[in-house]
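A quick write-up on the structure given underneath.
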Amino acid sequence: MQLIDGKAISAQMKNEIAEEVAKIKSAGGKTPHLAAVLVGHDGGSETYVAAKVRTCEEVGFKSSLIRFEDNVSEEELLACVDKLNKDADVDGFIVQLPLPKHISEQKVIEAIDYRKDVDGFHPINVGRMSIGLPCFVSATPAGIIELLKRYGIPTQGKHCVVLGRSNIVGKPVATLMMQKGYPGDATVTVCHSRTPNIKEVCQSADIIIAALGVPEFLKGDMVKDGVVVIDVGTTRVPSADTKSGFRLKGDVAFDEVAVKASFITPVPGGVGPMTIISLMRNTLLAGKKEIYK
Ligand code: GUN
């Protein structure tokens with residue numbers, strides 16, 4: 001069994017991005033600029049946005065953080081999106097989700113100029129990805145694909161089972177795995193809460209991407225020998241052993257599955273660290289106008 005080390009790969013990618021930014025700057029080019037919009041004080045969102053801003057500094061990007069209180073109106077937030085769309089210095093921006101209930105997330109996402117949508121959530125980017133056109137691919141699916149690539153894991157003709165059908169992981173990663181060319185060309189099955197025979201489907205899988213959000217859902221008796229397992233789960237469970245009072249649990253019963261797997265991602269330290277670095281890569285592509293002119 002080989003552990004897929006997302007922490008190491010993301011550190012390697014961070015160095016690669018930083019080197020490229022340094023080159024751009026020394027050639028007199030524009031410093032890539034990511035803006036993040038944060039509404040309210042949700043603990044998880046605060047942590048994620050702080051990490052995004054910190055990583056921007058580490059790779060040499062410019063970053064801006066725009067904060068609103070929970071009671072911001074949809075109108076005010078949309079006006080901010082419009083301003084960022086028009087700001088020539090901002091290459092890409094994100095509106096951290098979730099948003100308060102009185103604001104339509106879909107309306108906000110669709111208001112973002114798709115050419116600056118480094119989260120890859122805009123329907124134009126999602127649509128372009130689904131037909132294999134250049135686009136911003138959202139961070140978690142892009143991170144998973146990068147891990148498969150960097151470990152040279154064969155995908156052509158393999159049976160890839162995706163557990164979960166969310167818009168931000170399950171659906172896009174299933175699309176990418178069936179795309180023409182490496183690391184796609186897989187035969188993909190998507191299972192979800194209404195799939196009756198998940199165990200049997202998983203037992204025939206060469207690759208399993210678990211993104212259900214159900215801690216330790218995938219058990220040892222559900223997988224065959226040699227399976228490749230990508231665990232996207234990050235459920236917070238209470239823990240007396242950590243300072244924060246919780247720890248992250250994946251969707252995979254790691255010890256049982258790892259003994260049968262050829263490759264497996266740990267939680268934490270697998271897919272998680274890849275998401276922020278994928279956002280940084282999208283921001284670099286936005287800065288270089290590599291996808292959209
Ligand atoms: N909330 C949780 N993950 C994400 C993400 O990748 N992007 C945004 N904008 N919000 C999130």
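Counting lysine pairs in region 1-86 whose alpha carbons fall under 27 angstrom apart, excluding pairs fewer than 8 residues apart on the same chain, gives 25.
Restriction of the trypsin sites (Lys or Arg not before Pro) in region 163-234 to DSSP coil positions whose beta-carbon has at most 15 other beta-carbons within 10 angstrom yields Lys180, Arg194, Lys219, Lys224.
The value of relative contact order for the chain, using C-alpha pairs under 8 Å at least six residues apart, is 21 percent. Full extension of the chain between Asp241 and Asp82 yields a length gain of 52.7 nm, computed as 0.36 nm times the residue separation minus the alpha carbon distance. Were the residues from Asn71 through Met1 laid out at 0.36 nm apart, the gain over their Cα-Cα distance would be 20.2 nm. Classify region 236-293 from the C-alpha gyration tensor, please: rounded if a/c falls under 1.5, else prolate or oblate depending on whether a/b exceeds b/c. Oblate, since a/c reaches 1.5 and b/c is not below a/b. Of the residues Gly245, Met178, Ile207, the one whose Cα sits farthest towards the positive end of the charge dipole of the chain is Met178 (charges of +1 on Lys and Arg Cβ, -1 on Asp and Glu Cβ, taken about the Cα centre). Quick check for you: which residues of region 136-153 have the amide N under 16 Å from the point 7 Å beyond the Cα of Ser166 toward its beta carbon? Counting backbone N atoms under 16 Å from the label point, the list is 138-145. Of all lysines in the structure, those lying under 16 Å Cα to Cα from Lys180, and not within fewer than 8 positions of it along the same chain, are Lys149, Lys158.
Give me the dipole magnitude in Debye, nearest 20, for region 55-111 about the Cα centre, with unit charges on the beta carbon: positive for Lys and Arg, negative for Asp and Glu. Please list the in-between numbers first.
On the way: 6 positive and 13 negative charges, 8 e Å.
That gives region 55-111 a dipole magnitude of about 40 debye.
Return the loop-located trypsin sites (Lys or Arg not before Pro) in region 1-99 (DSSP other than H, G, I, E, B) with at most 16 other Cβ atoms within 10 Å of their own Cβ; answer none if there are none.
On the way: sites: Lys7, Lys14, Lys23, Lys25, Lys30, Lys52, Arg54, Lys62, Arg67, Lys83, Lys86; in loops: Lys30.
Passing both the DSSP loop test and the Cβ count: Lys30.
Loop-located GluC sites (Glu not before Pro) across region 1-73 with a Cβ neighbour count of 14 or fewer within 10 Å are Glu69, with loop assigned by DSSP.
Let me make sure I get this right: for region 16-174, a, b and c are the square roots of the gyration tensor eigenvalues over alpha carbons, sorted descending. Under 1.5 in a/c it's rounded, otherwise prolate if a/b > b/c, else oblate. Which is it? Because a/c hits 1.5 or more and a/b fails to exceed b/c, region 16-174 counts as oblate.
Restricting to Cα pairs below 8 Å that are 6+ residues apart, what does the relative contact order work out to for region 107-149? Please round to a whole percent.
Details: 35 pairs, mean separation 12.8, N = 43.
Reported as a whole number, the value is 30 percent.
With a Förster radius of 25 Å applied to the beta-carbon distance between Asp185 and Asp225, the computed FRET efficiency rounds to 0.65. Overall, the chain carries a charge dipole of about 560 debye about its Cα centre when +1 sits on the Cβ of Lys and Arg and -1 on the Cβ of Asp and Glu, all other atoms neutral. Relative to one another, the C-alpha centroids of region 31-65 and region 119-178 are positioned 24 Å apart. Taken as entire DSSP H runs, the helices of the chain that both span 27 Å or more between Cα atoms along their own long axis and average -0.5 or more on the Kyte-Doolittle scale are 6-26.
Taking all Cα pairs closer than 8 Å and separated by 6 or more residues, the relative contact order of region 1-133 comes to 24 percent.
Given axes a ≥ b ≥ c from the Cα gyration tensor, I'd like to know whether region 164-288 is rounded (a/c under 1.5), prolate (a/b larger than b/c) or oblate. Please report the intermediate quantities before stating the final value.
Working: a/c = 1.71, a/b = 1.03, b/c = 1.66.
Oblate is the answer for region 164-288, as a/c is 1.5 or above yet b/c matches or exceeds a/b.
Bear in mind these aren't lab numbers, they're just calculated from the coordinates by the rules spelled out. None of these values were measured; they are calculated from a predicted model. For neighbour counting, all protein chains shown are included, and Cβ atoms are generated from backbone atoms with ideal geometry for every residue, glycine included.
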